[in-house]
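What follows is one structure encoded as structure tokens, with my remarks underneath.
The values are calculated or read from the model by the stated rules, or taken from the named source; none is laboratory data. In this text, all values refer to a predicted model and were calculated from it rather than measured experimentally. FYI the Cβ positions are ideal-geometry reconstructions off the backbone, even for glycines, and counts take in every protein chain you see. Remember, those area values only see protein heavy atoms, side chains included, never the ligands or the DNA or RNA. Shrake-Rupley method; radii C 1.70, N 1.55, O 1.52, S 1.80 Å.
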Amino acid sequence: MIKLTVDDKEIEVEEGCTVLQACEIAGVEIPRFCYHDRLSIAGNCRMCLVEVKPGPPKPQASCALPATNGQIISTNSKMVHDARKGVMEFLLINHPLDCPICDQGGECDLQDQAMSFGSDKTRFLENKRAVEEKSMGPLIKTNMTRCIHCTRCVRFSTEVAGVNDLGALGRGESMEITTYLEKSIDSELSACVIDLCPVGALTSKPYAFNARPWELSHTETVDVMDAIGSNIRVDTKGNQVLRVLPRLNEDINEEWISDKTRYAIDGLKNQRLDKPYVRNENGSLEEADWDTAFNKIKDNIDKIKPNEIACLLGDLVDVEAAYAAKVLFQKLNVDNIDCRIDGAEIGEHGRAGYIFNSQINGIDEADALLIFGSNPRLEAPVLNARIRKRYLQGNFPISLIGENNNLTYSVNYLGSKSIDIEKLRDKKNKVYKTLMDAERPMIIVGMGALTDDSSQALLYELRELAEVFGVIKKDWNGFNVLHTSAGRTGALDVGCLPSKKGLSAKQIFSESENSSLSFIWLIGVDNKEVLNLKKPFVVYQGHHGDVGAHVADVILPGAAYTEKNCTYVNTEGRPQFLKQAVFPPGEAKEDWKILRAFSDYVNCKLPFDSLDSLREKIYSDFPHFEDINIIKKSKLSKFGRKGKINDFEMKSPITNFYKTCSISRASETMSLCNEKLNSKIAAE
């Protein structure tokens, strides 16, 4: 530890700290523009000047100055005040005076620090320079005349996102931040530069001129666009969601979110289901009231046997709805209930076989990684950035079996087929030695490996290898399953799986023509396989007029993730509360309420009438849900089933990052991003 003095206060800091960090530990605010905790030090804005003794009799940049024993640091002297005013005067030489119309107004670091540390006059009377606007795609609005060259955006794109699309051209007054070829930033995290920009140079294009920050209501909640459960803040005006911003959570998303998380929200107002619909004798859907819709469903259920009924749960179904569906259909003696609509072969042999056991922050502790059947860059961009961060720290060899895509870090590629797993047993193979020598090796298994008929055999083989390599041992479990859907882990936790006599989702879809099923209840199921369900009577319960609604005989309007209080469990097995930000449109209801109301019509009344009573039942049956935001370690189990592994190409289920669910498919912004992506592919 190092002892030093900050404004007459003696403190101790760890060796390797900078003076700026030492001042923060002492509780002193140091202004800055270029410095950011998660980026490399640039030291080019000079706003963080302090006076340091012993040292030269001039102010020094605290962000780039190492803290040393015996330093006396002054942050409040006349020299420091004058220096900061001078720096601010320089920064504002060319900055346009457009605060009243700037979209950053009210949330601008430059504005705030000019008020706190700047002067009320300037000595510069020269004309301000102007910079041509840059094209950075459909997400980022640019006004580069405002840019103060802090280079946060450049360092983020290079270091965190792993793309080299942003940089600086020119020198001195001619310097400009640009994408070189006037193109979109080729990253799923590109819009994080908007949060990083301390001025109004980079702002949100879809949100531009929609509202001022003081007009918005803020709701702290959780994202459902992928399975890692990024912590977010939803900003609303009236009953409309206007923007989504990241919340700090060191264990999950740090302070980043993906572009889809941030911008798919305009899909919440498009193609919404706001009334029940019933298909008439002419084959067309017409509006109905809830009573008519429920009676139509009841009449069809009364005509058939329980073994002719099935219930499938989609990727965005919350825990409360999954539990209510399970209890209702158990009361109806239905065996055919499944949440694995992509056909994944998981969940049958213990929780350790389908969660991210090491936790996401366990990536920071790992010293070797095998990615198997996954493309984390598309399936979980924020998690991929965490892998890249660990990779840049060094001594972290990464091997890949699966699609050979650009993951933003170097990998040792072993092939794309399931049978390439045999290479891991070859003692002459470099990967074998790497994993054997590692103290905390990690395996990430994606859904690309788990949707084949032989996936249980593949899981068995992976678990056996994990035990050989020390991936699973007493003080470390690095065997991780990366889900692609937010609702899957929670639904598996409450047991939404077919009984031994029941049919799985894969069987229901593949045998739809010859199936004995006469009735299927779809809760948020919108994958293309539902188009095969032409024979049975279909009830679709969901919030968008997507694929599932097209085949439905009865449609029941549900609430989207920003419109309900509910629980989701992320891929780690971490329960998290989602909070309601706006009300559902029209007559739409929360999914568990729809199921509770319908249970009265079939004389199978569910044992709860409120959200609190429903959660009490869930906590009684599954106590780990009660500990919100806490991960209960799962007991090691012999998951998987010994057998022959089929020879198949392991492909990620996500081929189009911008169109993965009913919300993102309804988003105009995501469509624009998709067009840009397609035009880029065509150009190549």
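A few notes on this one:
- Applying the condition of being in contact with a Ser or Thr (Cβ under 9 Å, 6 or more places away or on another chain) and open to solvent by 30 Å² or more (accessible area, probe 1.4 Å) to segment 75-95 and asking which residue is nearest to Cys108 (Cα to Cα) yields Leu92.
- Here Tyr601 meets each of (1) within 30 Å of Thr292 (Cα to Cα); (2) open to solvent by 80 Å² or more (accessible area, probe 1.4 Å); (3) hydroxyl-bearing (Ser, Thr, Tyr) with one exception, condition (2).
- Any hit, segment 58-69, residues being at negative phi, touching a residue at least 24 places away in the same chain (Cβ under 8 Å), under 32 Å from the mean Cα position of the chain (by Cα) and open to solvent by less than 30 Å² (accessible area, probe 1.4 Å): yes
- Which numbered condition Cys604 fails, given (1) hydrophobic (A, V, I, L, M, F, W, C); (2) farther than 27 Å from Arg351 by Cβ; (3) outside any loop (DSSP other than H, G, I, E, B); (4) in contact (Cβ under 8 Å) with a residue 60 or more places away in the chain: (3)
- Which listed residue is open to solvent by 10 Å² or more (accessible area, probe 1.4 Å) and in contact with a helix residue (DSSP H, G or I) (Cβ under 7 Å, 6 or more places away or on another chain), from Gly162, Gly172, Gly167, Gly200: Gly162
- Applying the condition of being among the small types (Gly, Ala, Ser) and under 30 Å from Val160 (Cα atoms) to segment 232-284 and asking which residue is surrounded by the most Cβ atoms within 10 Å (Cβ to Cβ) yields Ser258.
- In segment 281-396, counting only strands (runs of 3 or more DSSP E) that sit wholly within it, the ones holding 1 or more residues that are closer than 29 Å to Lys638 by Cα, of a type in the set (Asp, Glu) and out of contact with any His (no Cβ under 7 Å at 6 or more places or on another chain) span 336-338.
- Checking segment 172-190 against the condition returns a match, with at least one residue being polar (S, T, N, Q) and assigned to a strand (DSSP E or B).
- Residues located in segment 572-598, provided they are assigned to a loop (DSSP other than H, G, I, E, B) and polar (S, T, N, Q): Gln580
- One residue stands out in segment 129-145 among those that are open to solvent by less than 20 Å² (accessible area, probe 1.4 Å) and free of Cβ contacts under 8 Å to residues at least 60 places away in the same chain: the one that is farthest from Lys676 (Cα to Cα), namely Val131.
- Test: residue in segment 259-277 that is in a loop (DSSP other than H, G, I, E, B) and within 30 Å of Asn357 (Cα to Cα): no
- Test result for Asp82, of a type in the set (Asp, Glu) and in contact with a strand residue (DSSP E or B) (Cβ under 9 Å, 6 or more places away or on another chain): no
- Selection within segment 29-45 - among the aliphatic types (A, V, I, L, M) and either surrounded by fewer than 18 Cβ atoms within 10 Å (Cβ to Cβ) or without any contact (Cβ under 8 Å) to a residue 12 or more places away in the chain (or both): Ile41
- Sub-8 Å Cβ pairs linking a first residue in segment 188-217 that is free of Cβ contacts under 8 Å to residues at least 24 places away in the same chain to a second residue that is surrounded by fewer than 24 Cβ atoms within 10 Å (Cβ to Cβ), at least 6 apart or interchain, are Glu215/Lys237, ordered by first then second residue.
- The set of residues in segment 409-422 being more than 16 Å from Leu369 (Cβ to Cβ), touching a residue at least 12 places away in the same chain (Cβ under 8 Å) and open to solvent by 70 Å² or more (accessible area, probe 1.4 Å) consists of Lys417 alone.
- Candidate set: segment 645-664, residues that are touching a Leu at 6+ places or on another chain (Cβ under 7 Å) and under 30 Å from Arg463 (Cα atoms); chosen: the one surrounded by the most Cβ atoms within 10 Å (Cβ to Cβ): Phe657
- Of all residues in segment 396-408, exactly one satisfies the criterion of being at pLDDT 95 or above and open to solvent by 20 Å² or more (accessible area, probe 1.4 Å), namely Pro397.
- Against the list (1) surrounded by 14 or more Cβ atoms within 10 Å (Cβ to Cβ); (2) at negative phi, the condition Trp214 fails is (1).
- Selection count where residues are crowded, with 24+ Cβ neighbours inside 10 Å and in a helix (DSSP H, G or I), scope segment 438-461: 6
Residue-by-condition table, conditions (1) under 29 Å from the mean Cα position of the chain (by Cα); (2) closer than 24 Å to Lys528 by Cα; (3) of a type in the set (A, V, I, L, M); (4) assigned to a helix (DSSP H, G or I):
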| position | (1), (2), (3), (4) |
| --- | --- |
| Phe608 | no, no, no, no |
| Phe625 | yes, no, no, yes |
| Asn629 | yes, no, no, no |
| Ser634 | yes, no, no, no |
| Phe639 | yes, no, no, no |
| Lys642 | no, no, no, no |
| Cys673 | yes, yes, no, yes |
| Lys680 | yes, no, no, yes |
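- Total residues in segment 367-383, condition farther than 21 Å from Ser416 by Cβ and either out of contact with any Asp or Glu (no Cβ under 9 Å at 6 or more places or on another chain) or open to solvent by 10 Å² or more (accessible area, probe 1.4 Å) (or both): 1
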